[in-house]
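The values are calculated or read from the model by the stated rules, or taken from the named source; none is laboratory data. Keep in mind it's a predicted model, so treat the numbers as computed, not measured. All Cβ positions, glycine included, derive from the backbone under ideal geometry; neighbour counts span all protein chains shown. Accessible surface areas use protein heavy atoms only, side chains included; no ligands, DNA or RNA. Shrake-Rupley method; radii C 1.70, N 1.55, O 1.52, S 1.80 Å.
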Amino acid sequence: MDDQQLLLGISRSDMLARIERCGRDPAMLDLGSNMLLHFAYEYLPDPPVSPTAPLSLAGASWVPDGVDRISRLPEVLLRDIISRLPAKDAARTAALASRWRPLWRSAPLALVDSHLLPDGGASGPLIIGAASPRAVTAAVSSALAAHPGPFRCVHLTCSTMDEHRGEMARWIDILVAKGVQDLVFVNRPWPVDLRLPATLFSCASLTRLYLGVWTLPGTAAVPRGASFPNLRELGLCMTVMEDHALAFLLERSPVLEFLLIMWSQTGARLRLVSHSLRCLQLGYTHLEDIEVVDAPRLERLFLRNVSLPGTGKFTINSPSRIKIGGAPNLRVLGYIQAGQTELGISNTDIVAGSKENIVPSVQILAIEVQFGVRNAVKKVPGFLRCFPNLETLHVHSPRISEKSTGKVNLKFWQEGGPMKCVVQSMKKVFFYEFQGSRSEVAFLRFIAERGRVLELMVVVVAKACFSSVDDDVNVKLKPLTGAKWNSKACKLQIIESPRTDVAGPLCRHKIASDFGWADPFDLRYYKEERISVQCLKWRTAVKRKETPYPLQRSTASLSPILPPG
């Protein structure tokens, strides 16, 4: 189970036999499968309709004559009302009045199979080991056959597709013929490498497509001339694909703006050529190489490595190399691992050392640095020199399970060569899970003493850094608070981390692809997630050479990290 590729092409019974021969608990198979499926479900978009949406009559007025005024609305409005209802409720509108009876068939339908479960999907996605809901599969077949289309959205995530191959093929044919716009299509394994019907590539009406736990068909099997001329958002979750299949998808999607690849099951090389793509998210993947060749509209590139919550251990150990070429508008980049970690993951490496490898457009960068590993820290100056116009830097300092391999002091940074962004353009620095090591303090102090235009430094202190005496934190931060800050206007803010089990950097893919947020890594944008923290009083002591007040805890939300005024 350590090598995910062992799952490919193996039946459930054969895998169980392998586990038993190794003397392991067979229940581990379902546990591992459910964990993978959990990641896939997490990255799926929410349906635009909900069976539990609250209804309010607060604005309604009592009509004494009992006249049905809603039914008198124009048909275009009535159809719009129906299209915003779950499929089951939309069908029930035919019982309201004679005016409504034909409208269900002419309104764009939203069909979500989890809404057809007895609890309406309230218990969450079905897991491996749960019975395949044959009644739901039958209901989906009936709804697709009865409705003439178009379909506003269709989310199919409940069925074990291998048990319903005939229905699955018919569903795709119907959706292509009736013009589905938003499709989420997930196979509940086993097998985990079931091949996706190639007819889906003929669905020209798609604007958003998410596929989960499939093997993408070879290009030879795709109908001639097939393409996605209207597709703007594509998500590939736990897919098996080859290099040319991914390139084929990009080539046949001329207006694609958002691409998500999460937990690809096989190694592939991504050679990005797209004149429309604006945001690329890569997470938990076996991608061996990433090369941005020609992506003139690309603004955001996110990478996330595999880490199992609660263990701090990575499960994918294939090296990854990223080379940024034709991306003149790339503004946001992260999280990138600097250097080799002690857990055996090769670093994600931006090729440095020549002018063509400098990316002047990047303004926001997020990196992960093992400050207890000297070889990892030594990579950081090279990273920063690649981004001469960097304005905001996010640094995550993960815990290391092994003994430190060498500390890095202030002298290392001072003698590390010029870093233009630190001196001339860096305005904000966010440092997460600060653990009080000398290497961390040396890095922060270097930026504080060199940054000419620095406006804000936020240090999120790991819970493990706190002892029963708050002075412990003050002692660890004293070299920073007492430093000779180059920017006299900079504010230092220190908060206690809300996280007790830190498996990796805190980031949300939905925020990452939302261009309404200028900086998707900024902790301030997580206040909507209702994360409460203990905020520490902060004091800026750079204008006058004063001893900072002792840091004291006080209950607050994330809002206090905003600078005054």
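Counting residues that are touching a strand residue (DSSP E or B) at 6+ places or on another chain (Cβ under 9 Å) and at pLDDT below 85, which strands (runs of 3 or more DSSP E) fully inside the range 221-284 reach at least 2? Write out each step before concluding.
Working: elements: 233-237, 258-262, 268-273, 279-283.
In the range 221-284, the matching strands (runs of 3 or more DSSP E) lie at 268-273.
Taking residue 205, is it open to solvent by 10 Å² or more (accessible area, probe 1.4 Å), touching a residue at least 12 places away in the same chain (Cβ under 8 Å), touching a Gly at 6+ places or on another chain (Cβ under 6 Å) and within 28 Å of residue 106 (Cβ to Cβ)?
Details: open to solvent by 10 Å² or more (accessible area, probe 1.4 Å): yes; touching a residue at least 12 places away in the same chain (Cβ under 8 Å): yes; touching a Gly at 6+ places or on another chain (Cβ under 6 Å): yes; within 28 Å of residue 106 (Cβ to Cβ): yes.
Yes.
Out of the residues in the range 166-188 that are buried (at least 22 other Cβ atoms within 10 Å of the Cβ) and of a type outside the set (A, V, I, L, M, F, W, C), which is modelled with the highest pLDDT?
Ranking the qualifying residues of the range 166-188, first place goes to 187.
Only residues that are among the polar types (S, T, N, Q) and over 21 Å from residue 327 (Cα atoms): list them for the range 230-282, please.
Of the residues in the range 230-282, the ones among the polar types (S, T, N, Q) are 230, 239, 253, 264-266, 274, 276, 281.
Listed by number, the residues that qualify are 230, 239, 264, 265, 266.
Any chance you could count how many residues in the range 189-202 are open to solvent by 30 Å² or more (accessible area, probe 1.4 Å) and among the small types (Gly, Ala, Ser)?
The qualifying residues number 1.
Looking at 440, 433, 455 in this structure, which one is of a type in the set (Asp, Glu), at pLDDT 85 or above and within 26 Å of the chain's Cα centre (by Cα)?
On the way: 440 fails: within 26 Å of the chain's Cα centre (by Cα); 455 fails: within 26 Å of the chain's Cα centre (by Cα).
None of the others qualify; the one that does is 433.
Would you check if residue 65 is acidic (Asp, Glu) and modelled with pLDDT of 75 or more?
Working: acidic (Asp, Glu): yes; modelled with pLDDT of 75 or more: no.
No.
Out of everything in the range 285-298 that is assigned to a loop (DSSP other than H, G, I, E, B) and closer than 18 Å to residue 253 by Cα, what residue ends up being most open to solvent (accessible area, probe 1.4 Å)? First the steps, then the outcome.
First, the residues of the range 285-298 that are assigned to a loop (DSSP other than H, G, I, E, B): 285-286, 295-298.
Filter again for closer than 18 Å to residue 253 by Cα, leaving 295-298.
Working: 295: 0, 296: 43, 297: 102, 298: 0 Å².
So, considering only residues that are assigned to a loop (DSSP other than H, G, I, E, B) and closer than 18 Å to residue 253 by Cα, the one most open to solvent (accessible area, probe 1.4 Å) is 297.
Can you pull out every residue in the range 371-388 that is part of a helix (DSSP H, G or I), open to solvent by 10 Å² or more (accessible area, probe 1.4 Å) and either over 14 Å from residue 419 (Cβ atoms) or of a type in the set (A, V, I, L, M) (or both)?
Scanning the range 371-388 gives 374, 375.
Could you tell me whether any residue of the range 337-345 is buried (at least 21 other Cβ atoms within 10 Å of the Cβ), part of a loop (DSSP other than H, G, I, E, B) and at pLDDT 60 or above?
no
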